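None of the figures in this text is laboratory data; all of them are computed from the coordinates on show. On a predicted model such as this, the values are computed, not experimentally measured, just so you know. With ideal geometry, Cβ positions are generated from the backbone for all residues, glycine too; neighbour counts draw on all protein chains shown.
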Amino acid sequence: MLSIKRVPTVVSNYQKEEGGEAPEGGCGRNCLKSCCIQGARLPLYALKRVDKVAEKELPLLGCKEHCSVAFLDSLILGEWEERMQRGLFRYDVTACETKIIPGEYGFIAQLNEGRHLKKRPTEFRVDKVLQPFDETKFNFTKVGQEEVLFQLEASDNGEAQFSPNAPIDVENSPSFVAINVSPIEYGHVLLIPRIFECLPQRIDHASFLLALQMAVEAGNPYFRLGYNSLGAFATINHLHFQAYYLAMPFPIEKAPTKKITKLSDGVKVSKLLNYPVRGLVFEGGHTLESLANAVSEACICLQHNNVPYNVLISDCGRQIFLLPQCYAEKQALGEVSAELLETQVNPAVWEISGHMVLKRKKDYDEASEANAWRLLAEVSLSEERYEEVTALVLKAIASVDLSVKPQCAEEVDSVSSGTQPAMVAGSQQCLVLQ
Ligand SMILES: [Zn+2]
């Protein structure tokens, strides 16, 4: 049944191996650093310009558009399958058992004994959402070139473009799509925006827009992108999103919502209802950028206020869930029950969305809606704190002109602090207790 190697969770085959032989012309690992990158080539996909997420009711897409949408989807899966043939993954995720937990919500349980058996050494503090990039820790410039599927950028002429063997323009900050060598599901990849800028794990406008564009252009409702902040079970402090395919609805996608407000740029913000984790849902907007800017501004607000959070991009980019969480904080305070701790489940974006990745056969066999709910209820902010955090977020996103897109991370910070003095002042008061 299981053909899983018992290894700690790593996202790259180079995460654990330091040192090693250095043959001529490189460090021997064919990595992405200056030792090996000279002259290297990788496929390059340029995303077409999308002004707005198509409404679901729109008639069938024209052939041209349809073909380019299918292309990104098949590029991801084709390249991913090829890496599986080459044996680059640490276990065969297609052999992991998955089942739908009986009940009203349709939580999905996966038994994945290969992923986290040993505890990963903590590489950064879990009580700080923003931490500087640390060159000495594992980061994605250390992965092998064979783990990178392709380069991703915005098209210069608005049309989708593909080049199977493009040079890597390090100076021009390409974004990469790479495999996660410890996959959770079929086609599990990492999107690493502007990889050579070595950005820490924090959302900025441009990076979030890129992730949203990728979801739109993949055009497959079973392809979701997710983000974990530091303190919300990100494991590497180098800016990255995750994505994979799972051909079933996530419980969070089926939860009812209640509209809170509509922003001037047409973005609708709602509250999740009848779901164990409290959160916000973003939809619509006059342009794709307005939707991206509303969400990223909300994320930047949470970052400034040191509130750990997870983001799920669903439904081909039409629906975005933002979930502040406090599980790690409760863990640190000794407020999580021994029973929950024993499962060693880290409630990151996938678990919060209802795809429970379980490490023990016992938990898989005994998986029930009540157990899933109990875990996720511990992840959620309390009603009181959720309302407090939501008020900060709504204030932040109402106070910026969402149609203005800052050009880089530095600018994002200056825009945020320039336009939201009240929020920045509040950020000195840590919401995460230490
Ligand atoms: Zn190298």
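Once the Cβ-Cβ distance of Ser382 and Gln38 is raised to the sixth power relative to R0 = 45 Å, the FRET efficiency obtained is 0.25. Residues of region 271-304 falling in the label zone of Glu104, defined by backbone nitrogen less than 19 Å from a point 7 Å along Cα to beta-carbon, are 271-279.
Segment Ile260..Asp134, full-extension length gain: 41.5 nm, with 0.36 nm per residue of separation and the alpha-carbon distance subtracted.
About its Cα centre, region 257-300 has a charge dipole of approximately 340 debye under the convention of +1 per Lys or Arg Cβ and -1 per Asp or Glu Cβ, with nothing else charged. Of the options Phe208, Ala232, Pro193, report the single residue whose Cα projects farthest towards the positive end of the charge dipole of region 120-271 (beta-carbon charges: Lys, Arg +1; Asp, Glu -1). So the residue we want is Ala232.
Estimated from the Cβ-Cβ distance and a Förster radius of 41 angstrom, the FRET efficiency linking Ala370 and Ala154 is about 0.35.
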